[in-house]
Amino acid sequence: MKKRVCLTMVLVIVMLMVAGCGNAKNSSAPEQEPKWKISIEGAGDKPVEFTDIDAKIGTVSIKCTMKKKDDTQVEQQWTGVPLQKVLEYYNVKDYSAIKVESTDGYNKEYTPDLVNSEGTVLGLKVDGKDLDEQSGPVQLVVDGKGANWWIKQVTKITVLK
Ligand SMILES: Nc1nc2c(c(=O)[nH]1)N[C@H]1C(S)=C(S)[C@@H](COP(=O)(O)O)O[C@H]1N2
Ligand SMILES: [Mo]
């Protein structure tokens, strides 16, 4: 009889431990799960993913001007990662251009000069706020250039040799 109680207790403890481990795993997972991903192609042998976790390599805050079609200008304070820093992170040195693409397929190619400019940034926040769904989570900011250069919902970056 005593043996049986003991065995039951051991069983209950083991079950609680298994359940406890499961919980510990689940509660630690969200910290590792990225909020967004941008696929980088042509930086190495395989495509890599640049995420909000990687974005911690260095964000800047800069005032940027966007030229609108009607010749007016919009000035905003942007927070983001300079595109040049992202390429540095993946050791990309030689390229003819960088192609930036959005979820809707809209894309453009940027020359090394433009890529190396301080004002070319993967924008994460505008005037202190996260981007809305139509523009973000990441929008390419190209200081001083027209709105057509500012790619919303960036999803892929290709290094062109
Ligand atoms: N993802 C994405 N970004 C884009 C475009 C697009 O079609 N898709 N159009 C570009 C063009 S041509 C312009 S003029 C501006 C328009 O921005 P707005 O809708 O905020 O005025 O977004 C630019 N970025
Ligand atoms: Mo446009």
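The values are calculated or read from the model by the stated rules, or taken from the named source; none is laboratory data. As the structure is a computational prediction, the values presented were derived from the model and not from experiment. Here Cβ is always computed from backbone atoms with ideal geometry, including for glycine, and neighbour counts include all displayed protein chains. These accessible areas exclude ligands, DNA and RNA; they are computed on the full protein's heavy atoms, side chains included. Shrake-Rupley method; radii C 1.70, N 1.55, O 1.52, S 1.80 Å.
The distance between label points at Ile53 and Gln32 comes to 0.7 nm (points 7 Å beyond Cα on the Cα→Cβ vector).
When nucleic acids and ligands are ignored and a 1.4 Å probe is applied, Thr120 ends up with an accessible area of around 0 Å². Computed over Cα pairs, the Kirkwood radius of the stretch 80-120 leads via Stokes-Einstein (0.890 mPa s, 25 °C) to a diffusion coefficient of 226 µm² per second.
Each listed q (0.09, 0.20, 0.22 Å⁻¹) maps to a log10 I(q)/I(0) for the stretch 44-161 from the Debye sum over equal C-alpha point scatterers, namely -0.22, -1.15, -1.42.
Just subtract the alpha-carbon distance of Ala97 and Arg4 from 0.36 nm times their residue separation and send over the number in nm, one decimal.
Numbers: separation 93, 0.36 × 93 = 33.48 nm, distance 7.36 nm.
Extra length from Ala97 to Arg4 when fully extended: 26.1 nm.
Note that the stretch 69-74 has calculated 3J(HN,Hα) couplings of 4, 7, 6, 7, 10, 10 Hz, one per residue in order, obtained from phi through the Karplus relation 6.51 cos²θ - 1.76 cosθ + 1.60 (θ = phi - 60°); glycine and proline are x. A protection proxy built from the mean count of other Cβ atoms within 10 Å ranks the segments 42-50, 78-86, most packed first, as 78-86, 42-50.
Ratio of alpha-carbon Rg to the 2.2 N^0.38 Å globular estimate for the stretch 88-154, to two decimals, please. Working shown, then result.
Values: Rg = 12.1 Å, N = 67, 2.2 N^0.38 = 10.9 Å.
Relative to the rule-of-thumb radius for its length, the stretch 88-154 sits at 1.12.
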